[in-house]
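Student: Let me begin by handing over the structure; questions about it come next.
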Amino acid sequence: MYPDIEYVLKKRYALSLIVRCCAIVLFLLGALPLLQLILQTTLGLMFEMFYVQILPGTLDWKDILLYVIPEMCKYAIPGWLLLHYRLRIVRWIAPMPKPVCPHCGYDISKLAEPRCPECGMELPREMVTQADSD
């Protein structure tokens with residue numbers, strides 16, 4: 001019957017971990033074109049020492065500007081936004097219970113004792129202390 005604050009806090013913690021993992025995956029996906037470029041350049045330089053042109057053509061600055069940087073930004077920017085707004089996203093998905101009496105709907109945010117002055121219902125101490133901290 002009472003909103004469970006501990007449940008909401010556990011849910012927020014789990015959601016925060018999920019959002020962080022999604023951001024890391026996006027960063028890794030954004031790093032793939034850069035890793036591909038490094039690998040291709042390294043292998044091209046390595047094989048050029050032994051063979052005269054094993055890999056035809058290399059990436060120039062135009063290819064980097066048109067392919068690698070947009071591919072990196074396509075995933076890195078949403079990953080950064082997820083990390084930056086992680087707390088807002090988690091609070092939006094799992095809001096804290098409102099500081100109202102579950103029986104009559106009276107605002108209990110300014111109460112000194114855990115009893116509703118409107119209907120006289122006994123409230124858990126956590127509801128009143130949590131409402132004071134927000």
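Student: Of the conditions (1) open to solvent by 100 Å² or more (accessible area, probe 1.4 Å); (2) acidic (Asp, Glu); (3) within 28 Å of the chain's Cα centre (by Cα); (4) at pLDDT 80 or above, Glu71 fails just one. Which one is it?
Tutor: Unmet for Glu71, out of (1) open to solvent by 100 Å² or more (accessible area, probe 1.4 Å); (2) acidic (Asp, Glu); (3) within 28 Å of the chain's Cα centre (by Cα); (4) at pLDDT 80 or above: (1).
Student: Looking at (1) under 30 Å from Glu6 (Cβ atoms); (2) at pLDDT 80 or above, find the lone condition where Pro102 falls short.
Tutor: The failed condition is (2).
Student: Moving on. May I ask you to list pairs of residues, at least six apart or on different chains, whose Cβ atoms are under 7 Å apart, with the first in the range 91-103 being without any contact (Cβ under 8 Å) to a residue 60 or more places away in the chain and the second being open to solvent by 60 Å² or more (accessible area, probe 1.4 Å) and part of a loop (DSSP other than H, G, I, E, B)?
Tutor: As it stands, the answer is Val100/Tyr106; Cys101/Glu118, since those pairs meet every condition given.
The values are calculated or read from the model by the stated rules, or taken from the named source; none is laboratory data. From a predicted model like this one, the values you see are computed outputs, not experimental measurements. So basically every Cβ, Gly included, is an ideal-geometry build from the backbone, and we count neighbours across all protein chains shown. All accessible areas refer to the heavy atoms of the entire protein, side chains included, with ligands and DNA or RNA removed. Shrake-Rupley method; radii C 1.70, N 1.55, O 1.52, S 1.80 Å.
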